[in-house]
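Below: one structure, written as structure tokens.
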Amino acid sequence: MSLHPMYARPRDLEQASQLLASLSSGAVIIAGGQEIMPFINYGVMMPDVYVDIGGIKALKGVNVNDDEVSIGALTVHRDIQSTEDIVERLPLLAYAAQQIGGGWQVHNRGTIGGNIVSMHPLYDIAPALLALDADVELLSDKGLQRMSLLQLQNDSSHGLGSSSILTKILVKTMLPNVLWGYYKLKNSAGAYGSANAAAVIQMDGEKIKSIRIVIGAVSETSVVISKALDGYLGGAYTLEIGRAIEKVCIDAIDEPLSDQQGDGVWRKAMAGIAARRATEMALSNLTTSSIKR
Ligand SMILES: Cc1cc2nc3c(=O)[nH]c(=O)nc-3n(C[C@H](O)[C@H](O)[C@H](O)COP(=O)(O)OP(=O)(O)OC[C@H]3O[C@@H](n4cnc5c(N)ncnc54)[C@H](O)[C@@H]3O)c2cc1C
């Protein structure tokens, strides 16, 4: 820890990774600064060096390779909502980014990489990306490494934010027959969610072929529910099945959070409601036209 931290703005990934390797744990990466600046301003965090990655071109932009969308870690929420390739290929992600609170400043400066690395339980991006089974790419002194976002969420040894950089997010294009929904239960407009749910459903005619639900904002990390829903595959969606899905999702929450967004017992119950509403939103055939650009 230093009383006079230094500021560095590496030109490219090579320079950034060399710098981070030489600083060990004394560095703190800054992207949009929306989350980390308050910690710095209040003196809660005093690293040796702030490493501003904002000038690294390789971390910017959205590209499509075959059926995979690659999203640079510095892509801001506004661009997630408006970039054609994301709106058309990953409408669930575009819609979830649209639900982020905090107004224009947050949407124009907050990055998808910063949102993921923060691992904040109330954030909207992780549930959507987990529902889409996304991968992430990390750069550390060991080189580039690709892993699933789920694996990253369960692994605290990644060193992101100090010794390693999240470079991109990789997501398979959603197939045209995949239905999706995202429901954010919140106390007021622009607030964090008390219970968030992302649903991805594939139908075979009237029958449910696959279903994956992710609950956010209720536990310390997002909860992915898929195997537990296998019993509802092969049948048509009915209100009874909706209620059963609700119960499965409630039962999947072990230690619900209690904070300004609500008491844990209520949040656990609301996880079920959010899951059912996201499911019904998906089944109502929500299309990209619902995404305001
Ligand atoms: C008022 C307000 C309301 C908000 N409401 C919501 C909301 O409703 N839903 C929601 O999802 N989000 C919300 N956010 C969060 C916002 O969406 C940002 O995504 C979030 O602040 C982090 O993004 P950032 O780019 O600002 O990250 P920073 O603050 O720059 O960094 C955050 C953390 O990630 C690390 N980091 C950043 N980028 C990388 C990288 N590429 N590699 C390695 N480490 C990295 C940093 O070291 C730091 O630890 C809100 C923020 C504010 C200020």
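The values are calculated or read from the model by the stated rules, or taken from the named source; none is laboratory data. Small disclaimer: the values here were computed from a predicted structure and weren't measured. Heads up, the Cβs are rebuilt from the backbone with ideal geometry, glycines too, and the neighbour counts pull from every protein chain shown.
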For this session: Tell me, please, whether a residue that is touching a His at 6+ places or on another chain (Cβ under 8 Å), in contact (Cβ under 8 Å) with a residue 12 or more places away in the chain and of a type outside the set (Val, Ile, Thr) can be found in segment 56-76.
Result: no
Exercise. If residue 88 passes every condition in (1) under 29 Å from residue 8 (Cα atoms); (2) more than 9 Å from the ligand (Cβ to nearest atom) but one, which one does it miss?
Worked result: (1)
Seminar exercise, completed: Across segment 3-25, the tally of residues that are among the charged types (D, E, K, R) and either within 23 Å of residue 42 (Cα to Cα) or in contact with an Asp or Glu (Cβ under 8 Å, 6 or more places away or on another chain) (or both) stands at 1
Exercise. Right, residue 204: assigned by TED's automatic domain parsing to the domain that holds residue 87 and more than 13 Å from the ligand (Cβ to nearest atom) or not?
Worked result: no
Exercise. Say we look at segment 92-112 and pick out the residues that are free of Cβ contacts under 8 Å to residues at least 60 places away in the same chain and farther than 11 Å from residue 32 by Cβ; which of these is farthest from the ligand (Cβ to nearest atom)?
Worked result: 104
For this session: Answer yes or no: is there a residue in segment 188-200 that is aromatic (Phe, Trp, Tyr) and touching a Gly at 6+ places or on another chain (Cβ under 9 Å).
Result: yes
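Can you name the residue in segment 188-200 that is assigned to a loop (DSSP other than H, G, I, E, B) and among the hydrophobic types (A, V, I, L, M, F, W, C) and is also nearest to the ligand (Cβ to nearest atom) among such residues?
Taking segment 188-200 as the starting set, the residues that turn out to be assigned to a loop (DSSP other than H, G, I, E, B) are 188-192.
Filter again for among the hydrophobic types (A, V, I, L, M, F, W, C), leaving 189, 191.
Values: 189: 11, 191: 7 Å.
Among those that are assigned to a loop (DSSP other than H, G, I, E, B) and among the hydrophobic types (A, V, I, L, M, F, W, C), it is 191.
Would you confirm whether or not segment 124-133 contains a residue that is free of Cβ contacts under 8 Å to residues at least 12 places away in the same chain and closer than 21 Å to residue 61 by Cβ?
No: zero hits.
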Problem set entry | Members of segment 123-138 found to be buried (at least 22 other Cβ atoms within 10 Å of the Cβ) and among the hydrophobic types (A, V, I, L, M, F, W, C), listed by number | 125, 126, 128, 129, 130, 131, 132, 134, 136
